[in-house]
Amino acid sequence: MARTPAAPGARPGPAGTWLSASLLDAWPGGSPGTAAASRRLVLAGLAAALPAALAGSADWSELHEQQMRVGVVHALANTAAVVIYTASLAAPDRAARGLRLAGLTAVAIGGLLGGHLAFRQSAGANQAEPVPHLTELGWHDLMPAAELTGLAAGQPTRRTLGDVPVVVVRDEQGVYVLADRCSHLSGPLSEGDYRDGCLTCPWHGSTFRVSDGTVARGPATAPQPTFRTRITDGTLQACLPGAG
């Protein structure tokens, strides 16, 4: 089953409640009730931190080495925040406010690293997103139809459509053309396995239905661009809906 798309950055639940706690701490004319509300917000953030960490670790396990290194430091910053906020619950009000501010600083550092992962290193990004923008509108010649008979049924074959590499698969149902670079981490689908109407990436096992490119099994979360096909004048042609 495919996971819901999520960048490996800081999850908004814990960060939002902890930021709210610090805003209450900074509010002029604070009262014992305000301090109690801040502590409740800290508890809410701690309760949300565990599922956030589990989701983050699932994302981290599918990253490449350079992304993983940043992810480790990101996790350490968030772990430090959890420890600091936990300590703030047992501290007197004045010290607790200082600890909450220190915890928020750790969360901010973790968030910056998470943003670096998501936007600079493209962790969790759809690697097939550029395909529609690199493909021109309309039908394009892909290969002579006679070559299709030389393809073994279910054997993925790589071709290029302009600057876009694609994978061609033929079975008893018809001919299918998908973008070759996996939407997860750009693995070559043309080197993958085809079975029961699905094509599996050789790098991380993401599986796509060739009929429409939808994800049959993750870690990919974004569908694979899928081309319409037809045979005209002895030539296999392909067209990508929404291209341009």
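Every number here is computed from the coordinates shown, using simple stated rules; none is lab data. Note that the structure is a prediction, hence the values are computed from the model and not measured. FYI the Cβ positions are ideal-geometry reconstructions off the backbone, even for glycines, and counts take in every protein chain you see.
At a glance:
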| quantity | calculated |
| --- | --- |
| Read-out semi-axes √(5λ) of the Cα gyration tensor in Å, derived from the coordinates shown; its label in (i) 51, 15, 13; (ii) 34, 18, 18; (iii) 27, 24, 17 | (i) |
| Gln155 long-range amide H proximity, modeled H, under 5 Å | Arg170 |
| Column: log10 I(q)/I(0), Debye, Cα scatterers of region 193-235, q = 0.24, 0.25, 0.33, 0.34 Å⁻¹ | -0.76, -0.80, -1.17, -1.21 |
| On Cα atoms only, tilt of 65-89 relative to the major axis of the chain in degrees | 30 degrees |
| Across the chain: Cys residues that no other cysteine approaches within a C-beta distance under 4.7 Å | Cys198, Cys239 |
| Listed residues Tyr85, Leu151, Ala220: farthest to the positive end of the dipole of the chain (Cβ charges) | Tyr85 |
| Chain lengthening between Glu65 and Phe119 when straightened (0.36 nm per residue, less Cα-Cα) | 17.8 nm |
| Gyration tensor verdict on region 131-239 (Cα atoms; rounded if a/c is under 1.5, prolate if a/b is larger than b/c, oblate otherwise) | oblate |
| In order through region 110-116: 3J(HN,Hα) via Karplus (6.51 cos²θ - 1.76 cosθ + 1.60), integer Hz, x for Gly, Pro | x, x, 4, 5, x, x, 4 |
| Sequence-separation-based contact order of the chain, relative, with Cα cut under 8 Å and 6+ spacing, percent | 19 percent |
| Net charge dipole size for the chain [Lys, Arg +1 and Asp, Glu -1 on Cβ; Debye, nearest 20] | 1120 debye |
| Sequence of Ser190, Ser38 once ranked by neighbouring C-beta atoms within 10 Å, starting from the fewest | Ser190, Ser38 |
| Förster radius 51 Å - calculated FRET efficiency between Ala153 and Leu43 (Cβ-Cβ, nearest 0.05) | 0.30 |
| Value of [θ]222 nm, deg cm²/dmol, for the chain, DSSP H segments ≥ 4, -39500 (n - 2.57) each, nearest 500 | -13500 deg cm²/dmol |
| Sequence of Asp59, Asp196, Asp141 once ranked by neighbouring C-beta atoms within 10 Å, starting from the fewest | Asp196, Asp141, Asp59 |
| Likely footprinting exposure, Glu172, Glu191, fewest C-beta neighbours within 10 Å first | Glu172, Glu191 |
| Reduced Cα scattering model of region 25-162, Debye log10 I(q)/I(0), q = 0.12, 0.21 Å⁻¹ | -0.68, -1.18 |
| Principal-axis tilt of helix 12-26 within the chain, Cα atoms, nearest 10 degrees | 30 degrees |
| Gain in span if fully extended, Arg230 to Ala102, counting 0.36 nm per residue against the direct Cα distance | 39.9 nm |
| 13 Å beta-carbon shell around Ala95, net charge (K/R +1, D/E -1) | +2 |
